[in-house]
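This report refers to the structure that appears directly beneath it.
The values are calculated or read from the model by the stated rules, or taken from the named source; none is laboratory data. Since we're looking at a predicted model, the values are computed, not measured. Cβ placement follows ideal geometry from the backbone for every residue including glycine, while neighbour counts extend to all protein chains displayed. Ligands, DNA and RNA are stripped out before the accessible areas are found, and what is left, the full protein with its side chains, is counted by its heavy atoms. Shrake-Rupley method; radii C 1.70, N 1.55, O 1.52, S 1.80 Å.
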Amino acid sequence: MYPAPLILYGMSLPLIIPCVDIQSGRAVRLFEGDPDRETVYFDSPLDAARHWVALGAGLVHLVDLDAATGRGENRAVIAQITGELGVPVEVGGGIRSREAAEELLRLGVDRVVIGTAAVKDPQLVADLIGAHGPERVVVSLDARGLEVATHGWAQGSGVMVADLTPGLADAGLETLIFTDVTRDGTLRGLDRDLMRQVRGLWTNTLIVGGGVANTDDVRLLAEEGIHGAIVGRAIYEGTLPYPVTLD
């Protein structure tokens, strides 16, 4: 399970999870999920992950962008990170079969993050939870508005978040990641109305992504009862100081 939020000044401080997106063997961030609009932050994803752990991260979120878009894969890099990092690692991107998920688990990944396959093959989520438990399986719904995007965010699915959440709960899913694709990597801040709608659709552990820019967004998460956020560009560029405090 995800670590419990800290309580500071009577307010629950959401968990801020550093994200390391891997494309062509480097640590990058994309603008609005476009693989051709990248910013390279570290030549070595392992160095990026080590950087956040040195600053106190107890969990790192990895995304294999090449696997997500069908351009290749970065399993060797992921294996190196899980073998050397010393804190839990979760991995998403292109995990569309039980075999792919279990290969990552064998590499030492603590949690696999299922995206497109949760839309295309919902039984996969139930099977993985049945085999490995809800603490090893996370579903990521990446959306424009409330319509789920698939295949590395390149395609609209025609499926709404509300169509999927009841079945995911029935399958035993504990943790859902929701990413607002239109704001990912933009530093535009969170869409409060959208966050509130998603919180209403998922009452278990909710982690969000897409647009977190500063401490105002962290306060918004706390006010809406959202457990945490996966954050990339804001902590890489310093608009959200890490580790995060609410002064």
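Just checking, does the stretch 176-184 include any residue being at positive phi, surrounded by 24 or more Cβ atoms within 10 Å (Cβ to Cβ) and touching a helix residue (DSSP H, G or I) at 6+ places or on another chain (Cβ under 6 Å)?
no
Kindly check whether there is at least one residue in the stretch 232-245 that is closer than 17 Å to Gly115 by Cβ and either touching a residue at least 60 places away in the same chain (Cβ under 8 Å) or of a type in the set (D, E, K, R) (or both).
Yes, the stretch 232-245 contains at least one residue that is closer than 17 Å to Gly115 by Cβ and either touching a residue at least 60 places away in the same chain (Cβ under 8 Å) or of a type in the set (D, E, K, R) (or both).
Condition first: out of contact with any Leu (no Cβ under 8 Å at 6 or more places or on another chain), without any contact (Cβ under 8 Å) to a residue 60 or more places away in the chain and among the polar types (S, T, N, Q). Can you find one or more residues in the stretch 95-108 that meet it?
no
Among the residues of the stretch 185-198 satisfying the criterion of being without any contact (Cβ under 8 Å) to a residue 40 or more places away in the chain and either outside any loop (DSSP other than H, G, I, E, B) or among the small types (Gly, Ala, Ser) (or both), which is most open to solvent (accessible area, probe 1.4 Å)?
Arg196
Could you check Asp121 against (1) modelled with pLDDT under 95; (2) crowded, with 17+ Cβ neighbours inside 10 Å and say which number it fails?
(2)
Among (1) in contact with a Ser or Thr (Cβ under 8 Å, 6 or more places away or on another chain); (2) open to solvent by less than 60 Å² (accessible area, probe 1.4 Å), which single condition is Val112 missing?
Among (1) in contact with a Ser or Thr (Cβ under 8 Å, 6 or more places away or on another chain); (2) open to solvent by less than 60 Å² (accessible area, probe 1.4 Å), Val112 violates only (1).
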